[in-house]
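One structure is given here, and the rest of the page talks about it.
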Amino acid sequence: MAVRNLTTGSSQPLSPPLLVVHRRRADPWSRGQLASHVVADIAEDANNGPATMGLRRMRGVKSATTGVDAGAAAPAPIPPGASQTYTIPAQGPSNRLSLISMLVQTNDGFTGLNSYRLRPGTRVLRKRAYDAGSEVNNQRRDSIPGPCCNNPNVRDPEGRAIGPHPGIRDGVGQLTRARFGWTGPVAEITVKQV
């Protein structure tokens, strides 16, 4: 599979994605639901470690791993306009794929797949940005973990359900739409199963 960052023209990298192969009942996230600690860890701080361990213990999860680009030694962010390719174990006729990747210069923005049903063939999916609802979108440098601000593990709790991300808005905090914003889908995910 491949993940391409569609936020060209901005300074909005995607974090190394968490890739989860699971049965339908082990759904890691859904729009309209409260974000689990797994989703919040990634959406707020791009912290895949606890999420990976938590998901591996979940009933119905076949594998949970941080994507490592083919040929790379370690997981790396996906810069705007760039693409990375990953290989995942997806055997089984009823397996699903979920993917979670933070928009790194946000409070709790992420993108990904939600229980995508794996089947033979190649599918290209354009995915929007979601707001985990776990942290206020204050756009303040003192609570953004990305390279623009370097403030991981700072919280401004919110407690809303997962929904569409409003984007970076001018006049809110210190981040500007021109530098950190996006329009339309933020990721193109190509899933190829043979």
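For this structure, a couple of remarks:
- Scope the stretch 1-50; condition part of a helix (DSSP H, G or I) and of a type in the set (D, E); matching residues: D41, E44, D45
- Residue count for the stretch 31-47, restricted to those that are touching a residue at least 40 places away in the same chain (Cβ under 8 Å), small (G, A, S) and either touching a Gly at 6+ places or on another chain (Cβ under 7 Å) or over 21 Å from M1 (Cβ atoms) (or both): 4.
- Strands (runs of 3 or more DSSP E) contained in the stretch 97-194 and holding at least 1 residues modelled with pLDDT of 95 or more, exposed (fewer than 14 other Cβ atoms within 10 Å of the Cβ) and out of contact with any His (no Cβ under 7 Å at 6 or more places or on another chain): 121-127
- Residue match in the stretch 75-95 (condition: assigned to a loop (DSSP other than H, G, I, E, B), in contact with a Pro (Cβ under 6 Å, 6 or more places away or on another chain) and under 18 Å from V20 (Cβ atoms)): yes
- Test: V61 is modelled with pLDDT of 90 or more, touching a strand residue (DSSP E or B) at 6+ places or on another chain (Cβ under 9 Å) and farther than 15 Å from V191 by Cα: yes
- In a residue-by-residue description of the stretch 64-71, the property of being in contact (Cβ under 8 Å) with a residue 12 or more places away in the chain, surrounded by fewer than 23 Cβ atoms within 10 Å (Cβ to Cβ) and not in a loop (DSSP other than H, G, I, E, B) applies to at least one position.
- The listed residues are I88, I78, and the only one of them that is farther than 28 Å from A178 by Cα, hydrophobic (A, V, I, L, M, F, W, C) and in contact (Cβ under 8 Å) with a residue 40 or more places away in the chain turns out to be I88.
The values are calculated or read from the model by the stated rules, or taken from the named source; none is laboratory data. From a predicted model like this one, the values you see are computed outputs, not experimental measurements. Glycine also receives a Cβ, built like all others from the backbone with ideal geometry; neighbour counts cover every protein chain displayed.
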